[in-house]
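Structure first, then comments.
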Amino acid sequence: QVRLVESGGGLVQAGDSLRLSCAASGRALLTLTMAWFRQAPGKEREFVAGTSWSDSRTYYVGSVKGRFTISRENSKNMVYLQMNSLKPEDTADYYCAANRDGSVSNNMNEYDYWGQGTQVTVSS
């Protein structure tokens, strides 16, 4: 079993930055593919960014490319999402997710473990 705990959300203004953190326990992060999803009120959960354990490549949804960066610190079992130039449309609950098979997917059903989420609100 893997437990994921997110932190770092908050209320910021447009143009500000935030760094979300995800602490993993129960299994070495080294063998997990990690991703961030987000869900805005009234909308479906969407893939934001992911990083594969097998090749450390990173993947992003088009709307955050160039603004968000996913990174991982395997020795600390931590995954981060650095969010720069935040926009009001980035407002959502952000979730950390993990899967065991090595592939980054934008399909939330491919992920085995989820955190409880952290709220990000960007005011204009």
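The values are calculated or read from the model by the stated rules, or taken from the named source; none is laboratory data. Worth saying up front: this structure is predicted, and the values here are computed from it rather than measured. Counting neighbours? That spans all protein chains shown, and the Cβs are built from the backbone with ideal geometry, glycine included. All accessible areas refer to the heavy atoms of the entire protein, side chains included, with ligands and DNA or RNA removed. Shrake-Rupley method; radii C 1.70, N 1.55, O 1.52, S 1.80 Å.
Structure data summary
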| quantity | calculated |
| --- | --- |
| Leading residue at positive end of dipole, the chain (Cβ point charges), from L20, S75, A35 | S75 |
| Stretch gain in nm, segment L11-S56, where the contour uses 0.36 nm per residue and the Cα spacing is subtracted | 13.2 nm |
| Karplus 3J(HN,Hα) series, Hz, for the stretch 15-23 with 6.51 cos²θ - 1.76 cosθ + 1.60 (x for Gly, Pro) | x, 6, 10, 9, 10, 8, 10, 9, 9 |
| Accessible area, probe 1.4 Å, largest first, for residues K43, K87 | K43, K87 |
| The chain: most fluctuating residue of N107, N77, N99 per GNM, C-alpha cutoff 10 Å | N107 |
| S123-K76 FRET efficiency (beta carbon distance; Förster radius 30 Å; 0.05 resolution) | 0.40 |
| Magnitude of the charge dipole, the chain, Cβ model with Lys/Arg +1 and Asp/Glu -1, debye to 20 | 200 |
| Sequence-separation-based contact order of the chain, relative, with Cα cut under 8 Å and 6+ spacing, percent | 36 |
